[in-house]
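Colleague: Dropping a structure here in C-alpha cells format, bear with me for questions.
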Amino acid sequence: MLGGCGAWPEAGRACSGFLLEYEGFRLVLDLGYGTLPRLLALLGSPVARGLDAVVVTHDHPDHVVDLHGLFRARLYDGAELPRISLYAPEAVLDRVAGLEDADRATAERVFDWRPLPAGPHEVGPFRLESVALPHHVPNAGVRLSADGLVVAYSGDTGPDPALAELGRDADLFIVEATDRGQQQPGGSGPALDLTAREAGEAAAAAGARRLLLTHFWPGNDRERSRADAAAVFPGPVLIADEGTVVALG
Ligand SMILES: [Zn+2]
C-alpha cells in the first residue's frame, strides 16, 4: 500500500495508491499525493524501472497528481526505458500534459495511454475489467484477476449495486471509506462517497473474502472505520496504512 488518505494526505502519509505484483509484473492502481516516493523506494529505482503498468480510476488529484512526477522521472532521466502502459480516463492524460504545460503527444512519450476497458483486457498476467461508478467526475471501479486470484478496487464511489458485481468473490476488495461524517456529522451532501459501514455492506454483498478499507478523510479514526465495516462484513477488515503488504493466494 502506497497510501490510504482521501482528499489530501495526513502528515507522513500519502493519498490513494497500490502496487500489485504478480509473476514479476508490477502494476500500480492510482498515484495520489505522496505515493511516488514510496513507489520509487519499493522499486529501488529513481525512474521507476520495473514498473510495467498504471491504472488510474478517475481524474482527481488525490488519485493522479504523482503520475505527473512519474512522467517527469521518465522524461528527464529514464527516456531509454519502454513506455509505461497507462489505463485511465482520457482526462488523466490531459491532466499530466497540463501540469507540464505540454501537449498530449509529450505525455505519450512516457505513457502508452488507453481508455479503461469495460470488457476483459489482458495487461501482463492480469485480466483487467472496469465498471462505471457514481462520483463527481467519471470514475471506474476496476477488477484485476490472475490465475484465479481477484483484486477489485472501487476508486471513489457513492453507494451502487454495481459494487457487488465489481467485487464478486474477490480475494481482496479495496473499497473507499471516506466517511466524511466522522469530521462533519450530518454535513454530507449527495452520496458520492461511502461510509465505512457502506463499504462493509458492499463487500458483504459481493461475497469478498477480505475487505481493505482506504481513502480515509484526514483526521478520521481508522479503527472506528474498521469497527463500522466489521459490524456488517464477516471477513477480515484491513486498513490501507502506508507500507502494509498483503499476500494473496
Ligand atoms: Zn479521492
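Colleague: Amide H to amide H under 5 Å from Ala208: which residues, 5+ apart in sequence or cross-chain, H placed 1.01 Å off N in plane?
Modeller: When sequence neighbours closer than 5 places are left aside, the close amide H contacts are Asp169, Ala170.
Colleague: What does the charge count near Asp94 come to, summing +1 for each Lys or Arg and -1 for each Asp or Glu among other residues with Cβ under 14 Å from its Cβ?
Modeller: My count for the surroundings of Asp94 gives -4.
Colleague: To continue, here is another question. For segment 101-249, what is the per residue volume of the convex hull drawn over the alpha-carbon atoms, in cubic angstrom?
Modeller: Numbers: hull volume 22.0 nm³, N = 149.
Dividing the Cα hull volume of segment 101-249 by its residue count gives 147 Å³.
Colleague: For Cys5, which sequence-distant residues (separation of 5 or more, or a different chain) have an amide H within less than 5 Å of its own amide H, given hydrogens modelled in the peptide plane?
Modeller: Sorted by chain and number, the residues that satisfy this are Ala14, Cys15, Ser16, His215, Phe216.
Colleague: Continuing with the same structure: Sum up the charges of everything whose Cβ sits under 12 Å from the Cβ of Leu172, counting Lys and Arg as +1 and Asp and Glu as -1, but leave Leu172 out. It would help to have the intermediate numbers written out before the result.
Modeller: Details: positive: Arg143, Arg209, Arg210; negative: Asp169, Asp171.
Net charge around Leu172: +1.
Colleague: Looking only at Pro218, Pro125, Pro89, which one moves most when the chain is put into a Gaussian network model with springs between Cα atoms under 10 Å?
Modeller: Pro125
Colleague: If you don't mind, another one. For the chain, what is the mean residue ellipticity at 222 nm derived from helices alone (per DSSP H run of n ≥ 4: -39500 (n - 2.57); sum divided by total residues; nearest 500 deg cm²/dmol)?
Modeller: Dividing the helical sum by the residues of the chain leaves -7500 deg cm²/dmol.
Colleague: If you take every residue apart from Leu2 with its C-beta less than 13 Å away from the C-beta of Leu2, what net charge results, scoring Lys and Arg +1 and Asp and Glu -1?
Modeller: Spelling it out: positives minus negatives among the neighbours equals -3.
Colleague: Which ordering of Tyr153, Tyr33, Tyr76 is given by a fewest-first count of other beta-carbon atoms within 10 Å?
Modeller: Least crowded to most crowded, the residues run Tyr76, Tyr33, Tyr153.
Colleague: Each residue of segment 29-44 in order: what ³J(HN,Hα) in whole Hz does its phi give by Karplus 6.51 cos²θ - 1.76 cosθ + 1.60, θ = phi - 60°, with x for Gly and Pro?
Modeller: 9, 6, 9, x, 3, x, 7, 4, x, 5, 5, 4, 5, 5, 7, x
Colleague: Assuming 0.890 mPa s and 25 °C, estimate D for the chain with Stokes-Einstein, Rh taken as the Kirkwood radius over Cα pairs, in µm²/s.
Modeller: Diffusion coefficient, whole number: 138 µm²/s.
Colleague: Right, something else. Considering all projection directions equally, how large on average is the shadow of the alpha-carbon convex hull of segment 60-112, in square nanometres?
Modeller: 3.3 nm²
Colleague: If you restrict to DSSP beta bridges whose two residues both lie in segment 17-239, what percentage is antiparallel, to the nearest 5?
Modeller: Percent antiparallel among DSSP bridges in segment 17-239 is about 50.
Colleague: Using a Gaussian network for the chain with springs between C-alpha atoms less than 10 Å apart, which of these wobbles most: Glu201, Glu223, Glu176?
Modeller: Glu223
Colleague: I've got another one for you. Springs between alpha-carbon atoms under 10 Å, Gaussian network over the chain: tell me which of Gly148, Gly17, Gly34 tops the mean-square fluctuations.
Modeller: Gly148
Colleague: Please name whichever of Val28, Val150, Val245 sits farthest to the positive end of the charge dipole of the chain, dipole taken about the Cα centre and charges placed at Cβ: Lys and Arg +1, Asp and Glu -1.
Modeller: In the chain, that residue is Val245.
None of the figures in this text is laboratory data; all of them are computed from the coordinates on show. Since the structure is predicted, the reported quantities are computational estimates derived from the model, not experimental observations. Quick reminder, even Gly has a Cβ in these numbers, built from the backbone with ideal geometry, and neighbours come from all protein chains shown.
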